[in-house]
Structures are given as C-alpha cells and as structure tokens.
1. Closer than 18 Å to TRP63 by Cβ and free of Cβ contacts under 8 Å to residues at least 12 places away in the same chain, is that true of SER109?
2. Within the range 284-341, work out how many residues are farther than 14 Å from LEU356 by Cα and under 18 Å from the mean Cα position of the chain (by Cα).
3. Can you pull out the residues in the range 129-148 that are part of a strand (DSSP E or B), touching a residue at least 60 places away in the same chain (Cβ under 8 Å) and not aromatic (Phe, Trp, Tyr)?
4. State which residue pairs qualify: first residue without any contact (Cβ under 8 Å) to a residue 60 or more places away in the chain and closer than 19 Å to LEU127 by Cα and inside the range 160-183, second residue hydroxyl-bearing (Ser, Thr, Tyr) and outside any loop (DSSP other than H, G, I, E, B) in any location, beta carbons under 6 Å apart, and separation of 6 or more residues or different chains.
5. Search the range 77-89 for residues being in a strand (DSSP E or B) and either touching a helix residue (DSSP H, G or I) at 6+ places or on another chain (Cβ under 8 Å) or free of Cβ contacts under 8 Å to residues at least 24 places away in the same chain (or both), and hand back the single one that is surrounded by the most Cβ atoms within 10 Å (Cβ to Cβ).
6. Of the numbered conditions (1) part of a loop (DSSP other than H, G, I, E, B); (2) hydrophobic (A, V, I, L, M, F, W, C); (3) within 21 Å of THR228 (Cα to Cα), ALA169 satisfies every one except a single condition; which is it?
7. Could you please let me know if SER194 is open to solvent by 10 Å² or more (accessible area, probe 1.4 Å), in a loop (DSSP other than H, G, I, E, B) and of a type in the set (Ser, Thr, Tyr)?
8. Mind checking whether some residue in the range 341-351 is modelled with pLDDT under 95, of a type outside the set (D, E, K, R) and open to solvent by 60 Å² or more (accessible area, probe 1.4 Å)?
Amino acid sequence: MKTSISFILLSVAVCALLPSCEKDDSSFSDYDFSKYSLRSQQGDDDEEEVVTLPDTIALAIAWNGAQATITGDTGDSVTIAQSAGDITVTSTTQRYLQITVSGTCPDGSLLVYSDRMWGLVLNGLTLTNNDGPAINNQGGHALYVTLADSTENALADGSVYADAPKNAAGAVIDQKATFFSEGQVYISGNGSLSVTANSKNGIASDDFLVIEAAPASGPTIAIQANGTNGIKVNDGMEIYGGTLTIDVTSDGGRGIKNDASMTIAGGRTTITTTGDCRIETADGIIGTTSCAGIKCDSTFTMTAGELTILSTGDGGKGINSGGNVEMKGGTLVVTTTGGNEMAKPKGVKSDTGIILSGGSFTSKVNKSWACDNGSDSSNIIGMITIVGTPNMETLTLKKKEVIVEF
C-alpha cells in the first residue's frame, strides 16, 4: 500500500548513532543511555545492521472513535490490516519504521510485527482495548517509544482478556500487559503517558526496559495496576530520567517485577502497593507471595535520582532483591506499614548483601526488619555494610528504622 504523506515527519528522538551493534539478547550494561541514541543490532549472522535517520518509513494512525485513518508511504514491505479500531502492522522492511499514533478509540488496539527495530511516537493518543493489550509489539527487536512534547497519552486494557489469537505461523500471540513488547523498550520524550492495567501488567517486556534521560523534564509515566504488576520485565530495567509513578492495588502485586538486574540512575520514581499477601496452594503446600515496590532477581543498584516506596499490606516489602542492594547515590525512602500475620514485612531485603556507600538511604517498617541481608544476625548492624563515612548526626541504626546519609 502506498499513499502520499500529508504530514510532517516527526523526527525520532535521537542525538547520536552508535557505530557498533549489539545482539538482542546481550547485556545492556555497555550502552550509553545518558542521552538519546538509536542503537543498531546484529542479526544471527553477526553482520552489522546500520540504520540511518533519512532511511525511514513514516506511518501515521489517527483514531476517531471506532475507526482509524492511516496515512504514510509504506510500499510492499509494510502491510496493514484494519478491523474497526483494531490495527495490525506487519513490516519486513530493512528501513527504520516509525509509527505516529494519535486520536481517541474506546475499543481498539495496535499490533505490530517488525523484522527490525522500529519507533513509536505517541502524539496525543487515548486507546482502550476491552479484551486485550492496547499496544502489542510482537517483534523481538528494540522498540523506541517517544512521548511527543506536551502531549497527554493514555492506554487501558479490559478486565478480561479474550483467548489469545494466533499469528500467521500458528503460534499463540503473547498478551501480557496493557502495553506489551517481545523486544527491548526505550521510552523517551517530554510528554506524558498514563497506563491502566485492569487485568494483567501495566507495561511488560520479554526483554529489557529503559526510561531515558531527556534534555528537559523527560517522560512522565503513571501506571495504575489493578490486577498484577505495574511493570514486568525479563532481562532488566534501567531508569535514567523522567517521572515514574506506579500504584498497585492487588494482593501480591509488585510495582516493578524484574527477573534480572535493576538500576536507578536518575529521575523521580514513586511506587505504592496496596494489598496483602497472595495465598496459593500447590501440591497441598500453602505458599504466600508478598507485595513489593520493587522485586528483582539480581542486583539492585542506585546511583542517582529519587525513589520513594510505600507498601501498606500484610507482609509487604519495599525492595526485595535476589542479589546485592547497592546504594551509591541519590535518595531512597522506603516505608512499610503492614503487619506480619502471613509473612514478614521488610523495608529493604536482599539475599546477599545491603551495601551503602553514597546518597541518602531511609528504611522504616511497622513490623519486622527495616533491612534484611539474609544473614542470621540478631542486630541491625549485621544486616548492612557501610562503606565510607556517613553523616553521624543523622545516622540511625534500629531494627525498625535505618537512616544512612553521606
């Protein structure tokens, strides 16, 4: 399909192109996320894929109620299927595909298959899908999401998902969140995005998620999760700027559920969980899953920015890490107010160690321990490791209250 472009192409929020490439499944610790960048990736043959900004296909989707108007120069490599407000885009192009979405739809969705990384510009979009994800990226490559400056965008799912459809190859299409991506997700721009998750996760990636720093205020993201997690990622998450607010209202729900490492290096993040333990029985054994502001299976590292967590339910955790919790800078304030009838609430819990060497660290609990490093220590001093010289005037080391400032 080929039509004339009647709009001015909104440029991708990019300030630099990296000359080297990375595989999709590699660690992202070597990337420079301090500024916008468009990162190429290697294919299975290890040959570089070089993408330049002029080599871009631009597509615009504007919803108006149950219908949508689609414009752009697609050619034979990008096909579009439309059923009322539901849009499916399939791209086999070797060029960079950028889709700009706008308008309002009370029951619609965007489903994208792409053989290469692509960009999505939210330019004043309100999109609700009553029986599935509002946006679903089924491509395994990077997705660059730009919240257009000064725009307000909103996504919502339904309380019950329809049976998952199948793709052309007969495989079931994953539907894990209001905004779901099989590949990596980078979010930038100076607009806002609100996400309402009535059934599953708010935002989820089967790879990793990065919230970028920005020249101005950065992206403003607000997530209300009423069924499970605010954010769910498989391969790690990093926050470099913007404002992220997550409210979770469910038993056993997590603000951020991360199956790998977690890094906060900027921005302002506020997480509130409201709910008690989720009680499950498997093979006759009763188990509990506690709420947590952040649950990560590997190291949690904070070097800058602000993080505030409040957990109000029984057994709730502020930070629950399978690896070290390393505080090197920034401001962290964790408060848990719940009881310990079904599980022990903790402010900051690590399976291996809590290491404080910079910034401002505050953890307060109503019951149990403010800090827990998995040791058998009966004293709070044995639960944390302090590197350097903290402010002795504010230093507080109590079972239910730990304050360490540098």
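1. No: the conditions fail for SER109.
2. Residues that pass the stated criteria total 17.
3. Answer for the range 129-148, where residues must be part of a strand (DSSP E or B), touching a residue at least 60 places away in the same chain (Cβ under 8 Å) and not aromatic (Phe, Trp, Tyr): THR146, LEU147.
4. From the range 160-183, the pairs are SER181/SER205.
5. In this case the residue turns out to be GLN82.
6. Of (1) part of a loop (DSSP other than H, G, I, E, B); (2) hydrophobic (A, V, I, L, M, F, W, C); (3) within 21 Å of THR228 (Cα to Cα), only one is false for ALA169: (3).
7. So SER194 fails the test.
8. yes
The values are calculated or read from the model by the stated rules, or taken from the named source; none is laboratory data. These numbers were taken from a predicted model, which means no experiment stands behind them. Note that we place each Cβ from the backbone using ideal geometry, even for glycine, and neighbour counts take in every protein chain shown. We work out accessible area using only protein heavy atoms, side chains counted, and drop any ligands, DNA or RNA first. Shrake-Rupley method; radii C 1.70, N 1.55, O 1.52, S 1.80 Å.
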